[in-house]
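To start, the structure under review is shown below, and the notes come after it.
The values are calculated or read from the model by the stated rules, or taken from the named source; none is laboratory data. Owing to the predicted nature of the structure, the values given are computational and were not obtained by experimental measurement. Because the Cβ atoms are built from the backbone with ideal geometry, glycine has one as well, and the counts that use them run over all protein chains shown.
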């Protein structure tokens, strides 16, 4: 029984929470100091507001679509401002806002000495608004607005320290890779615009079966935004930005936008086997390769970025298994512990005078107890240790995969990736925190109260949210409930194996000698992907473009085809005729005779 | 030359043309042409230098061969049709040979080789006679017989001449040779429209004679020989150069001047008879001759020559120009507006 009296509160509170985020942006210019609001406060209020709507939704199971204004209205095609508050939106918004709240607490400490700290917070807020637009939109156009918005803000935030060359390059790289995905998105927009004459999600879901072209284009868009294997370099370069940016954008919210798109548009993809297989295999390769690369990295932020890419691959695999709800669950739970990992790494490195190399850290658990505890909790959650948060979604995914009849290769790759995840998380725990301190001796190590509260909140989320959300999961597809014991224990077994192997290697290589074998180099150099694809194809393309524009267009059309061609031919003919007029009468009489003969023969 | 000899030769020249034009019997036509040729010969070699003598010999050989072929053609025709009249005859081999003979006399391609050589050998005034008066007699014969001649042959000869005149003239530095090649090209126009509308070819001939006369009068007045001598002519007689430029543009067929009139009417006639490709080819070939006309204009006063002029610029330009020049100028530049009258006359 739908109780319609609840429509207004849910609607109002969601829209209010989105609107409250606008207030700090405008207050600075419009109002006096007393009426200003800090960004963190706005996010906190928005979080509580959306939490209330989530609770209302869990109670009632009510999903709302509202349409407000018609932005474009033509004969058969209307595009409006419309919001869809369904399970995905209502679950994602509190998660994102909670995580953002903690990150803003952290950012206040981290960016304290920055001169443009206010602008930083405003950028984060604009990003958050774009993300919320993305998740709450009911038509593809509004989703695209959010999509592009998060891309632009990612660009601005990665290149925050704009005097640094690597930051500028990294932000340009992020834009370029995201643009490749936008090609796919715009293709989908064009296809649906012309064939379905609508961009509303409800209307799109009514048209079945869908053609393969727009679906593959969507997969391309998601692959670029969510850093799947062919388009992952930008995520690693995005670590040039400040740690709050990495925590917010490139772990929890922006990179999951691609996965979110696929989850939202899953009803379109259900029947198309090619799309599902593409997602499956792409995700499997992605998770395997990035986990392999994370094994031998030495920069703490890069390790965590690669683990993000690995988990995104896992989410993509889940979509390929036709389980969008599991993917969404993993997405939300992953946000908690991944952002916590980034924040902890930020605290650790900032305390050690911005040292990011894990070979130069150590002995943290005595000097920064809260941070290191939270760091350990986050790592364990990431590895999928039983009954931490990560376990609930990750285990479910692996169980589903093991009991499905799909691709064996994807299965094996994902299991291998699980092993490697456990391995590198163990490596992180031990190298960063234990052992004698390998950092410079004179460090000013502080742990702010607000800061500790932030990561403690996230730790609570990392431990407790798992069971709660798993119980309230919107079950539209039946999960396998009966599997054999071996399959049930396979995920756990893989994790344990990873931990043990990693411990063995850590104890063996206490001296941390550099490795000399090829596999280690392959993994350390990030599978040489950037070296292969960033230089030679682009150089060839640019050279070809130059050749076309100067040789074909410029020289050929403007010089050779008309002016020089004519001058050459006329000159040749003229010279030939002058050659013939030699002044010898014999020639003339010969011409006369020949012509006479020819014409006599021809005319008779 | 002694004036009595010159006058005798000129009288013979004019009489012979009139004999040919008014003849009824083939013998008389041939006789007229022969007297024409013979009276030209001393005029060409008037200056007695080797080049003039060589030019005379070449002229004699080609014209004699042409006349011989003409009388041969008429003899075969008399043998086949038992009549010596210059009247409507059927198209056949004799007519084709006749066409070739006239072509040689006129200096059309592919028998045009003698014209540039002769133009270098004689004086400017004799060349004027060759390019204007000498065209009248052969064209009279061919216009009288226009119905019996092979259309394709005439058209192709015409086009070939236009093209040869265009390309041949591009590689020349001597102004007399340039005028010879331009004569070849213009004769091509005349012969091309002959099978379809002989009135127009007559019109073209008349206007061509007018323009050619103007041009040659300028050349005679300023004693131009080479292209490089154009460089310093603007210092001596600037108005003459301007008028030369306008005359050359008129010869190239550009609109506000008279030279546009015959070309326009010919092209219109060709299109009315559905010969659009021919019209296109003719227009494109005329561009070639326009190029070297413009080259003359360019060298006359559009560039600064690399040599210094050894003449102080005359403040008052006094030129000994021919008495006919002003009238011819007006005729060659301003006659376009009487086109309707011309159309009704022809």
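Observations on the model:
- Residue match in the range A:364-373 (condition: closer than 19 Å to residue A:251 by Cα, in a helix (DSSP H, G or I) and at pLDDT 90 or above): yes
- Residue list for the range B:275-286, restricted to those being within 22 Å of the chain's Cα centre (by Cα) and outside any helix (DSSP H, G or I): none
- Residues satisfying the stated conditions in the range B:149-176, i.e. in a loop (DSSP other than H, G, I, E, B) and out of contact with any strand residue (DSSP E or B) (no Cβ under 9 Å at 6 or more places or on another chain): B:149, B:150, B:171, B:172
- Residue A:599 being in contact with a helix residue (DSSP H, G or I) (Cβ under 6 Å, 6 or more places away or on another chain), assigned to a helix (DSSP H, G or I), surrounded by 11 or more Cβ atoms within 10 Å (Cβ to Cβ) and within 14 Å of chain B (Cβ to nearest Cβ): yes
- Residue check, residue B:182 under 24 Å from residue B:138 (Cβ atoms), over 12 Å from the mean Cα position of the chain (by Cα) and either within 14 Å of chain A (Cβ to nearest Cβ) or part of a helix (DSSP H, G or I) (or both): no
The rows are residues; the columns are (1) outside the structural domain of residue A:462 (by the TED database); (2) in a loop (DSSP other than H, G, I, E, B); (3) surrounded by fewer than 24 Cβ atoms within 10 Å (Cβ to Cβ).
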position: A:202; (1), (2), (3): no, no, yes
position: A:210; (1), (2), (3): no, yes, yes
position: A:230; (1), (2), (3): no, no, yes
position: A:246; (1), (2), (3): no, no, no
position: A:260; (1), (2), (3): no, no, no
position: A:281; (1), (2), (3): no, no, yes
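- Looking only at residues of the range B:106-148 that are closer than 14 Å to residue B:179 by Cβ and outside any helix (DSSP H, G or I), we find that the one that is farthest from the other protein chains (Cβ to nearest Cβ) is B:123.
- Odd one out for residue A:141, checked against (1) in contact with a strand residue (DSSP E or B) (Cβ under 9 Å, 6 or more places away or on another chain); (2) buried (at least 22 other Cβ atoms within 10 Å of the Cβ): (2)
- Failed condition for residue A:76, given (1) touching a residue at least 24 places away in the same chain (Cβ under 8 Å); (2) surrounded by 14 or more Cβ atoms within 10 Å (Cβ to Cβ): (2)
- Identity of the residue in the range B:78-105, assigned to a helix (DSSP H, G or I) and away from chain A (no Cβ under 14 Å), that ends up surrounded by the most Cβ atoms within 10 Å (Cβ to Cβ): B:78
- Within the range A:111-125, the set of residues being touching a helix residue (DSSP H, G or I) at 6+ places or on another chain (Cβ under 6 Å) and assigned to a helix (DSSP H, G or I) comprises A:121, A:122, A:123, A:125.
- Matching entry among A:136, A:154 (being in contact with a strand residue (DSSP E or B) (Cβ under 7 Å, 6 or more places away or on another chain) and either buried (at least 22 other Cβ atoms within 10 Å of the Cβ) or not assigned by the TED database to the domain that holds residue A:23 (or both)): A:136
- Annotation note: of A:158, A:176, the sole residue that is within 14 Å of residue A:255 (Cα to Cα) and in contact with a helix residue (DSSP H, G or I) (Cβ under 9 Å, 6 or more places away or on another chain) is A:158.
- Positions within the range A:544-596 being more than 8 Å from chain B (Cβ to nearest Cβ) and outside any helix (DSSP H, G or I), in sequence order: A:582, A:584
- Hits in the range A:133-167 - residues which are closer than 15 Å to residue A:116 by Cβ and not in a helix (DSSP H, G or I): A:159, A:160, A:161, A:162, A:163, A:164
- Residue A:411 satisfies every condition listed in (1) buried (at least 20 other Cβ atoms within 10 Å of the Cβ); (2) under 25 Å from the mean Cα position of the chain (by Cα); (3) closer than 30 Å to residue A:277 by Cα except (1).
- Evaluation of residue B:48 against (1) surrounded by fewer than 18 Cβ atoms within 10 Å (Cβ to Cβ); (2) in contact (Cβ under 8 Å) with a residue 40 or more places away in the chain; (3) assigned to a loop (DSSP other than H, G, I, E, B) (one fails), failing number: (2)
- Filtering the range B:232-274 to residues that are crowded, with 18+ Cβ neighbours inside 10 Å, in contact (Cβ under 8 Å) with a residue 60 or more places away in the chain and not in a helix (DSSP H, G or I) leaves B:237, B:257, B:258, B:259.
- Cross-chain or 6+ apart pairs with Cβ under 6 Å, the range B:299-316 first and under 20 Å from residue B:225 (Cβ atoms), then in a loop (DSSP other than H, G, I, E, B) and at pLDDT 70 or above: B:299/B:227; B:305/B:231; B:309/B:232
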